[in-house]
Each structure stands twice: as C-alpha cells, then as structure tokens.
C-alpha cells in the first residue's frame with residue numbers, strides 16, 4: 001500500500017510539472033504553435049479581403065462597361081466571397 005501511495009504522489013507531481021510547463025508562456029513549442037495560429041488567421045483574413053475586393057472591382061468594371069450599375073457589383077461580391085471561402089477551406093485542409 002505504501003508504495004502505491006508514493007507512486008501515485010510521484011505521478012501527480014509529474015503531471016503538475018507537465019501542466020505547469022505547458023502553461024508557461026516561454027515554452028518554445030507553445031510559442032511556435034501560437035505563431036502558426038496567428039499566421040493561419042492572418043492568411044485567412046488576407047484571403048477574404050483580397051478575394052472580395054477583386055470580385056467587387058471586377059463587378060464594378062463590368063458594370064461600367066455594360067452600364068448595369070448594381071448587378072455585377074453584387075455578382076462580383078458573391079463570387080469573391082465564394083472564392084475566399086473556397087481558398088480558406090483549401091488552406092484548412094492542408
């Protein structure tokens with residue numbers, strides 16, 4: 001019995017050290033993981049912004065050419081959003 005209590009106490013201490021190490025902000029693996037998450041989120045934001053902007057600009061140009069003011073701006077916006085989500089889904093699946 002005494003040995004199992006010591007073993008349990010040792011295992012609990014080891015677990016506490018492991019948890020403390022994981023929570024430590026200076027942990028290199030945790031810092032690298034945070035950088036990867038920030039990078040992926042930044043990439044998603046840039047994808048969303050650039051695709052929507054490209055769709056809007058394309059719609060605006062087509063509207064000016066055909067003189068159909070709101071129609072192709074709306075279509076371009078929807079295509080931009082669809083393209084952005086498609087690219088984000090491809091990014092997440094990697």
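Could the peptides 53-66, 81-94, 6-19 be put in order, highest first, of the mean number of other beta-carbon atoms found within 10 Å of their residues?
53-66, 81-94, 6-19
Specify which labelled value, from (i) 13.5; (ii) 17.4; (iii) 14.1, agrees with Kirkwood radius over Cα pairs in Å derived from the coordinates of the model shown.
The listed entry that was calculated here is (ii).
Only Cα pairs under 8 Å and at least 6 apart count here; give the relative contact order of the chain as a rounded whole percent.
On the way: 59 pairs, mean separation 21.8, N = 94.
This gives 23 percent for the chain.
Hey, what number do you get for the chain at 222 nm if only DSSP H runs of n ≥ 4 count, each worth -39500 (n - 2.57), divided across all residues, to the nearest 500? Walk me through the numbers on the way to the answer.
Details: 3 runs with 86 residues, N = 94.
Rounded to the nearest 500, it is -33000 deg cm²/dmol.
Coordinate-derived values only; no laboratory data. The model shown is predicted, which means the values in this text are computed figures rather than measured ones. Note that each Cβ is placed from the backbone with ideal geometry, even for glycine, and that neighbours are counted across all protein chains shown.
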